[in-house]
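Below: the structure, in structure tokens.
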Amino acid sequence: MLDHGAPDIGVVSEQAALRHRLRHSAAHVMADAVLQLFPEAKFAIGPPTHDGFYYDFEVSRPFTPEDLEQIESLMSKSVVASLGFKREEVSREQAQSLFAQQPYKLEIIEGLPDAETISIYRHGEFMDLCQGPHVDSTADIAAFKLLSVAGAYWRGDENRPMLQRIYGTAFESQERLADHLARLEEAEKRDHRTLGRQLGLFSVHDEIGPGLIVWHPKGGQVRTIIEDYWRELHYRLGYDIVYSPHIGRANLWQTSGHLDFYRDSMYSAVEVDEQEYFLKPMNCPFHIMIYRSAMRSYRELPLRFAELGTVYRYERSGVLHGLMRVRGFTQDDAHIFCRPEQLEDEVGGVLDLTFELLQAFGFSEYTISLSTRPEKFVGDPAMWDRATQSLQSALEQRNLPFTVDAGGGAFYGPKIDINITDALGRAWQCTTIQFDFNLPQRFDLTFQDDEGGRSQPYMVHRAILGSMERFMGVLIEHYAGAFPLWLAPVQAVVIPIADRHLEYAEGVKNRLKDAGYRIEVDTRNERMNQKIRTAQMQKVPYMLVVGDSEISDEAVAVRHREEGDLGKMGVPSLIERLEAEVATKA
């Protein structure tokens, strides 16, 4: 297996395995504490997660913050008691007897294959149905913290009981735990939902529907800047920008296979002329129809169709989350149709575009994975091999470190996934470069090759930002709402000290607007310091204070949101500074 420049897998795996055992064991200790406080509680599942652990309970009332404090206290007592974790294998009948009063455990037992070994783990008086593994003793779980409570449907089914889920985390040391809690605190300050309200960027309304975003003027301004830059870059790199409808007839989605494999995530739109139409969950079939609208020659290829296309997909209400998980979103979508000999150049072009685009938004750290052919796949194995090799070669030529997810490709083609790392070190999956051997077959795509015959083009799906909604959420949290100058919805606010300075303030605003900048004047009847504070709270990059002295000198007193007081500047000098900052996208 290839592993180009990856971190020491042994170290990473050893640490991950330790944390898995710690968190799994902490979940058991927490469940024990809950049952001590709530003897009537029914407990369901309690797995470790990437950042911690949770356990689901059915209790007579919701847990309170005071409950969490008591649960933590009881957990600490278990840690001090140094209770060993002991594994036992039991028969199905024994397991059913042991958990006779626990309906969720009985349901799990009933669903286990007949041949599967059933095991339980005990510590102290507590036992749980579990495969393990665990740490040796509760004493190993010294660094833990309970974080929050949320509702969770049993097995994620909205028709099943709503349980109470307690989230927690555990680490191998108090120092690691403290670092993690500090990151969580900073992440809470950066929460895009909170900042979205404070900065007037977007909102969600029950009257409109959950998971459907309303973009406010300032959010719309940022989105427009992003989209304009995206279009300029795509035109420069040889893409054609297209537009497609929001709905399509059922037979289109039947041909594409979406109705067979994706219908649960699709919205039925309307019936027209006794034909059923669906809201589009993806843009691919529309781009394919553009390709099919004419006979294609090898001389025309590659064709690169890009679209900021809004799609609609059903997501359960329990997983909707601000801009990150929505039901209507706009993909920065593109599809490339090319000849076999063009594959590597096309993949390389997508990678170059990706890094130019993402680096402009301040992302310079990435993890990259290459996913190869799974056991079940469609298409010619030789085409798979050629496509996979083009992906690998394009990465290697650019000296990009990547790992290989052997067999991890979709059934219709190999792919590259790129995760960006934000200011808090969190990974976000945005970019995907995905070959598709399924849709060209379903839609019978061909081109006239150089020998006069008909050949099937290679088709590449490609998204760089992922979706405008999710990318905006990532940006808000990455920058903590303080967008760089080129992206800021308001780049500077002019602050007149008194009403007699309003006319001059308006003149400054107009000169800056004429130079292409987004400027406001704070005309409120407030003290200057309050106006500066408001601008700081709104994350405005520059505050331009004007009073008698500034009018006399035909200047402004410049204050930067991070650098503080920069002193007086003439408007021409200020414009030079702004131009340099915007040009570098600093």
Give all pairs with beta carbons closer than 6 Å in which a residue from the stretch 495-519 that is under 17 Å from HIS560 (Cα atoms) and of a type in the set (Val, Ile, Thr) meets a residue that is at pLDDT 95 or above and exposed (fewer than 14 other Cβ atoms within 10 Å of the Cβ); count only pairs at least 6 apart in sequence or on separate chains.
ILE519/LYS513
Among the residues that make up the stretch 453-473, is at least one of them farther than 24 Å from TYR239 by Cβ and in a helix (DSSP H, G or I)?
yes
Number of positions in the stretch 35-65 that are without any contact (Cβ under 8 Å) to a residue 60 or more places away in the chain and either surrounded by 13 or more Cβ atoms within 10 Å (Cβ to Cβ) or under 30 Å from TRP428 (Cα atoms) (or both)
8
Return the only residue of GLU186, GLU172 being touching a residue at least 40 places away in the same chain (Cβ under 8 Å) and outside the structural domain of GLU58 (by TED's automatic domain parsing).
GLU186
Just name the residue that is surrounded by the fewest Cβ atoms within 10 Å (Cβ to Cβ) out of those in the stretch 441-464 that are closer than 23 Å to CYS284 by Cα and without any contact (Cβ under 8 Å) to a residue 60 or more places away in the chain.
ASP444
Of everything in the stretch 508-520 that's of a type in the set (A, V, I, L, M, F, W, C) and buried (at least 18 other Cβ atoms within 10 Å of the Cβ), which residue is farthest from PRO496 (Cα to Cα)?
LEU512
Scanning the stretch 535-586 residue by residue, those farther than 19 Å from VAL490 by Cβ and touching a residue at least 40 places away in the same chain (Cβ under 8 Å) turn out to be GLY547, ASP548, GLU550, ILE551
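Would you please name the residue that is nearest to ILE247 (Cα to Cα), looking only at residues in the stretch 296-344 that are of a type in the set (D, E, K, R) and free of Cβ contacts under 8 Å to residues at least 12 places away in the same chain?
So the residue we want is ARG299.
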Got a sec? Which of SER265, SER256 is small (Gly, Ala, Ser), crowded, with 21+ Cβ neighbours inside 10 Å and over 30 Å from VAL582 (Cα atoms)?
SER256
Sole miss for LEU502 among (1) more than 25 Å from ILE225 (Cβ to Cβ); (2) crowded, with 18+ Cβ neighbours inside 10 Å is condition (2)
If MET472 passes every condition in (1) touching a residue at least 24 places away in the same chain (Cβ under 8 Å); (2) not assigned by TED's automatic domain parsing to the domain that holds HIS287 but one, which one does it miss?
(2)
If you check ALA178 against the conditions, is it farther than 23 Å from LYS539 by Cβ, modelled with pLDDT of 95 or more and either within 18 Å of the chain's Cα centre (by Cα) or assigned to a strand (DSSP E or B) (or both)?
no
Among the residues listed as GLU276, GLU227, the single one being over 25 Å from the mean Cα position of the chain (by Cα) and not small (Gly, Ala, Ser)
GLU276
Hey, does the stretch 234-242 have a residue that's touching a Leu at 6+ places or on another chain (Cβ under 6 Å) and within 30 Å of ILE290 (Cα to Cα)?
yes
For the stretch 321-329, does any single residue satisfy the condition of being over 20 Å from LEU233 (Cβ atoms), in the same structural domain as PHE435 (by TED's automatic domain parsing), modelled with pLDDT under 95 and among the β-branched types (Val, Ile, Thr)?
no
Could you check ALA480 against (1) of a type in the set (A, V, I, L, M); (2) surrounded by fewer than 18 Cβ atoms within 10 Å (Cβ to Cβ); (3) out of contact with any Lys or Arg (no Cβ under 9 Å at 6 or more places or on another chain) and say which number it fails?
(3)
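May I ask you to verify whether GLU300 is surrounded by 13 or more Cβ atoms within 10 Å (Cβ to Cβ) and of a type in the set (Asp, Glu)?
Taking the combined requirement at face value, the residue satisfies it.
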Contact list please: Cβ distance under 8 Å, first residue in the stretch 416-436 and outside the structural domain of GLU346 (by TED's automatic domain parsing), second residue acidic (Asp, Glu) and surrounded by fewer than 23 Cβ atoms within 10 Å (Cβ to Cβ), pairs at least six apart or on different chains.
none
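Considering only helices (runs of 4 or more DSSP H) fully contained in the stretch 245-343, which possess at least 1 residues that are closer than 17 Å to ASP436 by Cα and of a type in the set (S, T, N, Q)? Working first, answer last.
Numbers: elements: 250-256, 258-261, 284-292.
Here the list reads 250-256.
Yes/no per residue for (1) of a type in the set (Val, Ile, Thr); (2) in a strand (DSSP E or B); (3) touching a His at 6+ places or on another chain (Cβ under 8 Å):
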position	(1), (2), (3)
MET127	no, yes, no
HIS134	no, no, yes
ALA139	no, no, no
PHE144	no, yes, no
LEU147	no, yes, no
ALA150	no, yes, no
ARG155	no, no, no
ARG160	no, no, no
How about the stretch 322-378: which of its residues are aliphatic (A, V, I, L, M), surrounded by fewer than 19 Cβ atoms within 10 Å (Cβ to Cβ) and over 30 Å from PRO484 (Cα atoms)?
VAL378
Condition test on ALA152, is it crowded, with 16+ Cβ neighbours inside 10 Å and either closer than 23 Å to SER60 by Cβ or touching a Leu at 6+ places or on another chain (Cβ under 8 Å) (or both)?
yes
Please specify each residue of the stretch 37-80 satisfying the condition of being over 26 Å from ALA16 (Cα atoms), among the small types (Gly, Ala, Ser) and assigned to a helix (DSSP H, G or I).
SER73
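The values are calculated or read from the model by the stated rules, or taken from the named source; none is laboratory data. Keep in mind that this is a model prediction, so the values were computed, not measured. Ideal geometry is used to build each Cβ from the backbone, glycine not excepted, and the neighbour counts take in all protein chains shown.
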